[in-house]
Amino acid sequence: MTKPYHRENLAAAIRQRARQVLEQQGAADLSLRQLAKFLDVTPAAIYRHYPDKASLLATLRTEILAEVTAALHQGVLESPDAQAMVTRMVTNLLAYAQAHPQAIAFALTGDWPVPQSLQTVLALLLTQDHANGDPQAAGQAVWTFLLGVLCRPQAQLTVDWVVSQIKKLLNLSSYNGQHKNLNLF
């Protein structure tokens, strides 16, 4: 016999359990019927909230992107120095990726726009470094690089190395080249 539920609670319970499956097994192993069985409701109850697996995955992906965006700028404003802000953002991103590798792998399956917080910090970095350059293009280049870093979770890249590559990518005068001989690949 299925347990009664409140309509407000079921959608959240579905997302919560689906996220657990995603984090533990990946998106391919997510099944709406298995969610219904686990939540002790009928499959029809699940389908009332999510008509198909794709709609549930789209919701989960939106939530993951929002989590990454929130994690990305957490604690960034503790310093007025843009280089420290970039370092904090990279630290936050790598920490999130380490804690949620399946969520990151899933998020990387679709378009991922440049977070506004990164765009803003990079514009500040270019200004503080007196660098000429288009902040929007810089944001796109750095974000593309960071997404590439996220595609290589086994590489064990350090925050210092990633930040030094960002500075090099942006051709900043503050890049001192101290990591040039680091062979990570």
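Derivation of every value follows stated rules applied to the coordinates shown; laboratory data play no part. Since we're looking at a predicted model, the values are computed, not measured. Counting neighbours? That spans all protein chains shown, and the Cβs are built from the backbone with ideal geometry, glycine included.
Just tell me which aspartates and glutamates come within less than 12 Å, Cα to Cα, of Lys167; anything on the same chain fewer than 8 places away is out.
Straight-distance partners of Lys167: Asp129.
Express the Stokes-Einstein translational diffusion coefficient of segment 61-169 in µm² s⁻¹, to the nearest whole number, given a Kirkwood radius over alpha-carbon pairs, 37 °C and a viscosity of 0.692 mPa s.
Estimated via Stokes-Einstein, D reaches 235 µm²/s.
Show that you can apply the helix-only estimate: for the chain, add -39,500 (n - 2.57) for every DSSP H stretch of four or more residues, divide by all residues, and state [θ] at 222 nm to the nearest 500.
-20500 deg cm²/dmol
Let me test this: with uniform point scatterers at the alpha carbons of segment 7-51, what is the Debye-based log₁₀ I(q)/I(0) at q = 0.23, 0.24 1/Å?
Result of the Debye calculation: -0.73, -0.79.
Describe numerically, in nm with one decimal, the distance between label points set 7 Å from Cα along Cα→Cβ at Ala70 and at Lys37.
About 3.2 nm separates the two model spin labels.
Please list, or write none, the aspartates and glutamates whose alpha carbon is within less than 17 Å of the alpha carbon of Lys53, excluding same-chain residues fewer than 8 places away.
Glu23, Asp29, Glu63
Per residue of segment 52-63, in order, report the coupling 6.51 cos²θ - 1.76 cosθ + 1.60 (Karplus, θ = phi - 60°) as ³J(HN,Hα) in whole Hz, putting x for Gly and Pro.
Running phi through 6.51 cos²θ - 1.76 cosθ + 1.60 with θ = phi - 60° gives 7, 4, 4, 5, 5, 5, 4, 5, 4, 5, 4, 5 Hz.
Could you state the number of Å between the C-alpha centres of segment 149-166 and segment 104-126?
15
Taking the Cα atoms of segment 1-89 alone, what are Rg (to one decimal) and Dmax (as a whole number) in Å?
My reading of the Cα-based Rg and Dmax gives 17.6, 60 Å.
Starting from the 7 Å offset along Cα-to-Cβ, what nm value, one decimal, do you get for the label separation of Thr127 and Thr144?
Taking the two extended label points, one gets 2.5 nm.
Which log10 I(q)/I(0) values, to two decimals, does the chain give at q = 0.10 Å⁻¹ under the Debye formula with one point per Cα?
With no solvent term, the Cα-only Debye profile gives -0.50.
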